[in-house]
Amino acid sequence: MYKTMEQMEKEYDGQWVFMINCQKNNQNAVSGGEVIFHDKSMNAVLHNMKKSKEKGNSRYVRFIGTLPEGVAVIL
C-alpha cells in the first residue's frame, strides 16, 4: 500500500522501512512509496528485502525517526 513519508513517520517511528515504487519531490527526496516490510531491526528488513519477490521501479530502505545512538549511515 502506498504511503507518504508523513504517514510513515506517524506509523513506523523508530523502525526501518523497505519500500518500492518510490515517488520523489521537487528536491529529489523520496516523498512516499509502497511499504513492503518494516521492523525495528535493520537486519530483519535487509534480510526480507533480499528475499523479496516484489518488483518495482525503485527500492528504498530508510530509518524513520532519529537514528539510535551509536548507529552511523554511510552514503
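The values are calculated or read from the model by the stated rules, or taken from the named source; none is laboratory data. Worth saying up front: this structure is predicted, and the values here are computed from it rather than measured. For neighbour counting, all protein chains shown are included, and Cβ atoms are generated from backbone atoms with ideal geometry for every residue, glycine included.
Output the residues belonging to the stretch 41-68 that are within 15 Å of Trp16 (Cα to Cα) and either at pLDDT below 85 or of a type in the set (Gly, Ala, Ser) (or both).
Ser41, Ala44, Gly65, Leu67, Pro68
Being among the hydroxyl-bearing types (Ser, Thr, Tyr) and surrounded by 10 or more Cβ atoms within 10 Å (Cβ to Cβ) is the filter; apply it to the stretch 37-75 and report the residue that is nearest to Gln15 (Cα to Cα).
Selected residue: Ser41.
Please enumerate the residues belonging to the stretch 23-47 that are farther than 16 Å from Gln7 by Cβ and assigned to a loop (DSSP other than H, G, I, E, B).
Scanning the stretch 23-47 gives Asn26, Gln27, Asn28, Lys40, Ser41.
Can you pull out the residues in the stretch 1-22 that are in a strand (DSSP E or B) and surrounded by 14 or more Cβ atoms within 10 Å (Cβ to Cβ)?
Result: Lys3, Gln15, Trp16, Val17, Phe18, Met19, Ile20, Asn21, Cys22.
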